[in-house]
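> Quick one: the structure is below, questions incoming.
The values are calculated or read from the model by the stated rules, or taken from the named source; none is laboratory data. Just so it is clear, the model here is predicted, and its values are computed rather than measured. Cβ placement follows ideal geometry from the backbone for every residue including glycine, while neighbour counts extend to all protein chains displayed. Accessible surface areas use protein heavy atoms only, side chains included; no ligands, DNA or RNA. Shrake-Rupley method; radii C 1.70, N 1.55, O 1.52, S 1.80 Å.
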Amino acid sequence: MLDLLTLASRACKRYSCRRHGEYGPGRKDEIERAKSEGKDLTKEEKQRLRKEKKQQKKSKEKKDDKASQENEKEKKPVTSAAPAAPASQPPTKPTMQKAPSAVPATAPVSVPASEASGPADKPAKTKAELKAERRARQEAERASKQSKKGETGQQATTSKPKAPPSDLQPVVKRLPEHIQVDNPDVLKKLAKKLERQQIPLRLDYGYKVSLFSHLHQYSRKAPLTQQLSIPSTVIHPAIVRLGLQYSHGIVAGSNARSVALLHAFKQVIRDYTTPPNEELSRDLVNKLKPYISFLNQCRPLSASMGNAIKYIKKEISNIPSNCKEEEAKSKLLNDIESYINEKIILAGVAIAKCAIEKQKISDGDVILVYGCSSLVNHILCEAFEKSRKFRVIVVDSRPRLEGKEALRRLVQKGISCTYVLISAVSYILPEVSKVFLGAHALLANGYVMSRVGTSQIALVAKAFNVPVLVCCETYKFCDRVQTDSFVSNELDDPDDLIVTRKGTTPLEGWQNESSLGLLNLVYDVTPPDFVDLVITELGMIPCTSVPVVLRVKNVDQ
Amino acid sequence: MPGPYKETDLTERVEAFLSDLKRGGTGAGPLRGSAETARETTALLRKITAQARWGSAGDLMEIIRKEGRRMTAAQPSETTVGNMIRRVLKIIREEYARSRGSSEEADQESLHKLLTSGGLSEENFRQHFPPLKANVIEAINELLTELEGTTDNIAMQALEHIHSNEVIMTIGRSRTVEAFLKDAARKRKFHVIVAECAPFCQGHEMATNLSKAGIETTVITDAAIFAVMSRVNKVIIGTQTVLANGGLRAINGTHTLALAAKHHSTPLIVCAPMFKLSPQVRDYSKVRILSKVNVHCPVFDYVPPELITLFISNIGGHAPSYIYRLMSELYHPEDHEL
């Protein structure tokens, strides 16, 4: 694997120093040589050939007008026939060896095209041209995908080996902006992007602890909406309201935030009209981008929100272009409604059922919960309704004191509760039989990202040999990996830590002390060896099975 | 002879001290530091020795034991009071033994001696020695000077344990640790993270004091202790009491801190002067109950000795396994129960 990556990177470097379109003659010779000699191309050359094929396709499509769908529809059978033909050849060979057999077949088709477009490509492309190219390529890919759905038989062979190489492709990732605050270039780029989208930039507040200088730190007293003009033409009012609710903590908790986001997007879609000469599928996605930047500025997006947004964008771009606006809008609204229903509400019901039926909550249990997790509260209320006899210990922590909300909900139902602060956890744990924790996200390396303090509770529970169960819906699983709580986190308003005790407020003038910093972390990661079980709607899995679930989900989609 | 006046004056002093103790420990944290309490107790005991009417060492010990029982009953969580009383009782025994001229068998080195040392215990301290009073008062004065210097003695050892660019974590407020860190900060540059220790949040005061001394300080919530522990080099804490098995009775949240340090293999150093050493082994907590919901608010945590790396006291550094030996040097086994 290491070999392939170094070769690929070397190949990429060689590509980057050459201009597009100058390959034509030299490459053709090589291909002819390989074809005639019949030897296997080296991995390097296979990579190069694959990249060349992509670029040739790009230059070919640049010539077509994006309005002329018919040409592309015609091209569909051509491009799908080409890979289909070599697919009929021995399909047992891995894709590596398929590439050289596929390329010579398409090379004679694409080489004359590249020759023709060669001299035209030599001058540097303008941004608009590149954009048009990209758009055309995307449309072609989408169209070919739709055609592939029709040709199931032959596509089965080409789609199956597709899965493994995607895992082994070199990762070309762009680091998210919100963890590169200490890089002035990234900040400049962000400022420019926000200016273009007409969204005010939120400024960092207060002295940041040096370990966290790569993260944003905002003050709750200075919300983004103060800098917005009224009426705001760029941002939909439902989104402005949502952003304000996020930044003030009125809507908190990953499920609540995702559901609120999806409802706001439903409102946006209802109020949306396609401008003339624009396509709904593309324009709506572009309309959503400034909204997402705005919400990100109000409060960094959570993993669940990120997954929801990805889903919406995919659904929007999958709308066929011949669909009427009303139809498209109602379809999107239905999609969002079904996403909320399936992934959040029904998943919660399934998890509660699973937990109760599999005797994870039995009579006489003393259950410890931390903070306010909507899913865990739901499970406990359901279990209480099914007449299980148990009592609950709610652990809370400053400065958010979310446990009070959980306590209120449970006591209303009639469950007998005890309330302690997190510093008393080692005092109360000898009485506890099980610990139920909620999660904000489950990372691909099995770590659980949750409210700060969760890892501490898991640690102390492990020390007392009390089982720890994490309850999490699958839409919160994300591809990221993280091993500590520093590299990617959220810093809340540091003024929240200030408190008055016995008439004095020692931290009142903390800004004036140059060597004093306040740290108000929001999340932390729990290592998988502290967690005994994860309950999801797919069943009960160990922490380390998260990448398996992600892979299964990706293949389904 | 100002006997009666002295008597009433003495009882007044004792009553004032008792009410102070009762007031000081009503759940809002000690009104004064342990060192203060220790000093006041010892001063009071010196006064009792000087002014009370007693004939022999046995009488004096009875008086002190009686007063001592009242004092510990007034505030059971303030163990320094009981410790000082035991120290004074040991002083009296030693002085008596010296006056009698018998060899210093106070240090019972071997098990054999322990079992066969019936000698002193049969003695009921009835003999009268005129210079005993003066000797005892002199010894108590020595104890007082020792008490006054404890914080400085501990702070002097700071540079041996803190190097440059370290990240040190502490919890709550301890005057000993404050002095320790301030002393090291004179010569070394390091970073301190203070866990605020809800609900009383004494960590805030500690942080402001440290930052005024020019130390880079960060305040974190209790929930973030494990999250930041991976970047911490040492954990230095104070304690309310050091127990006979080497464990601690320390402020709420210390056990979690110790577990997190153990998980990351970070050394846990406890700065505790010798007067905090107590022969008890039980742990103690406070409980308050409100209507439908039980609310627990323990004030102290028990930390087992396996989680502790080092004790720094005014007489040097020790491992937790050595504490029991120090116990036998400071207190006489018969005084363990007052």
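> Please work out the Kirkwood hydrodynamic radius for chain B, using every pair of different C-alpha atoms, and report it in angstroms with one decimal place.
21.5 Å
> Take A:398, A:551 and sort them by solvent-accessible surface of the protein heavy atoms, 1.4 Å probe, largest at the top.
Largest accessible area first, the list is A:551, A:398.
> Okay, next question. Using modelled backbone amide H atoms (1.01 Å from N, in-plane), which distant-in-sequence or interchain residues come within less than 5 Å of residue A:419's amide H?
Placed amide hydrogens put A:394, B:294, B:295, B:296 under 5 Å from residue A:419.
> In Å², rounded to the nearest 100, what is the total accessible surface buried by chains B and A against each other with a 1.4 Å probe?
3900 Å²
> Would you tell me the mean number of C-beta atoms belonging to other protein chains that fall within 10 Å of each C-beta in A:453-464, as a whole number?
5
> Give A:343/A:553; A:53/A:193; A:54/A:193; A:221/B:182 a once-over and call out the pairs whose C-alpha atoms are over 23 Å from each other.
A:53/A:193; A:54/A:193; A:221/B:182
> Can I ask one more? Can you tell me what share of the DSSP beta bridges in region B:223-338 is antiparallel? A percent to the nearest 5 is fine.
65 percent
> Around residue B:171, which amide H atoms from residues at least 5 apart in sequence, or from another chain, sit under 5 Å from its own amide H, with H modelled in the peptide plane?
B:195, B:238
> Starting at the first residue of region B:261-270, write each ³J(HN,Hα) from the Karplus equation 6.51 cos²θ - 1.76 cosθ + 1.60 with θ = phi - 60°, in whole Hz, x for Gly and Pro.
5, 5, 4, 8, 6, 9, x, 10, 10, 10
> HN-Hα J couplings of region B:215-229 from phi, Karplus 6.51/-1.76/1.60, θ = phi - 60°, integer Hz, Gly and Pro as x?
8, 5, 10, 10, 9, 10, 7, 4, 5, 8, 4, 5, 5, 8, 4
> How big is the Kirkwood radius of region A:341-382, worked out from every pair of different alpha carbons and given in Å to one decimal?
One over the average 1/r among Cα pairs gives 11.0 Å for region A:341-382.
> Restricting attention to region A:467-555, which GluC sites (Glu not before Pro) occupy a DSSP loop and are surrounded by at most 15 other Cβ atoms within 10 Å?
In loop regions of region A:467-555 (DSSP not H, G, I, E or B), the sparsely surrounded GluC sites (Glu not before Pro) are A:508.
> How do B:336, B:161 stack up against each other in accessible area, from largest to smallest, with a 1.4 angstrom probe?
I get B:336, B:161, largest accessible area first.
> Now for a different question. To the nearest 0.05, what FRET efficiency results for residue A:188 and residue A:267 with a Förster distance of 35 Å applied to their C-beta separation?
The calculated FRET efficiency here is 0.55.
> A further question follows. So what J values fall out for region B:125-130 if you push phi through Karplus, 6.51 cos²θ - 1.76 cosθ + 1.60 with θ = phi - 60°, rounded to Hz, Gly and Pro as x?
Each residue of region B:125-130 in turn: 6, 8, 6, 9, 10, x Hz.
> In debye, nearest 20: dipole of chain B around its Cα centre with unit charges on the Cβ of K, R (+) and D, E (-)?
Charge dipole, chain B, about its Cα centre: 760 debye, nearest 20.
> Using helices alone, what [θ] at 222 nm do you get for chain B, with -39,500 (n - 2.57) per DSSP H run of 4 or more residues, divided over all residues and rounded to the nearest 500?
Only helices count here, giving -15500 deg cm²/dmol.
> Pairs of lysines 8 or more apart, or on different chains, with alpha carbons under 24 Å: count those in region A:352-446, would you?
Lysine pairs meeting both conditions in region A:352-446 amount to 20.
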